Amino acid sequence: QVQLVESGGDLVQPGGSLRLSCAASGSIFRIYTMAWYRQAPGKQRELVAASTSGTRTTYADSVKGRFTISRDNAKNTLYLQMNSLKPEDTAVYYCHIERSEFWGQGTQVTVSS
């Protein structure tokens, strides 16, 4: 059984920055494609960014140039650095192992003045 625990969500002003973390249990973290998703009220959950077991990363068009996904395989931890935050980035952010049933519990990010 794999557990994913997100942290780092907060209330931040527009233009601010946050770094989300996702700590994963298990010793084979390094082989997973990991991803961040988000879900805003009344909207479907959407992919924000993904990181393959290699060095490949993908991003939603809405966050390209502002968000950076990274991972530390030694620490079994996935990160999402979010810069130049906008009110439309407000959502619950989830960590996910792609092509699996494993999701974290989510962490709330609110961008508001």
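For this structure, a couple of remarks:
- Against the list (1) surrounded by 16 or more Cβ atoms within 10 Å (Cβ to Cβ); (2) part of a strand (DSSP E or B), the condition Gly9 fails is (2).
- Residue match in the stretch 68-88 (condition: among the acidic types (Asp, Glu), modelled with pLDDT of 95 or more, open to solvent by 30 Å² or more (accessible area, probe 1.4 Å) and closer than 18 Å to Leu11 by Cβ): yes
- Candidate set from the stretch 44-66 (those that are in a loop (DSSP other than H, G, I, E, B) and in contact (Cβ under 8 Å) with a residue 24 or more places away in the chain); member that is most open to solvent (accessible area, probe 1.4 Å): Arg45
- The set of residues from the stretch 13-40 being assigned to a strand (DSSP E or B) and open to solvent by 20 Å² or more (accessible area, probe 1.4 Å) comprises Leu18, Arg19, Ser21, Ala23, Tyr37, Gln39.
- Given (1) part of a loop (DSSP other than H, G, I, E, B); (2) out of contact with any Phe, Trp or Tyr (no Cβ under 8 Å at 6 or more places or on another chain); (3) more than 13 Å from Val109 (Cβ to Cβ); (4) touching a residue at least 12 places away in the same chain (Cβ under 8 Å), number of the condition Val2 does not satisfy: (2)
The values are calculated or read from the model by the stated rules, or taken from the named source; none is laboratory data. Nothing here was measured: the structure is a model prediction, and the numbers come from that model. As a convention, Cβ positions derive from the backbone with ideal geometry for all residues, glycine included, and neighbour counts pool all protein chains shown. SASA here: full protein model, heavy atoms, side chains in, ligands and nucleic acids out. Shrake-Rupley method; radii C 1.70, N 1.55, O 1.52, S 1.80 Å.
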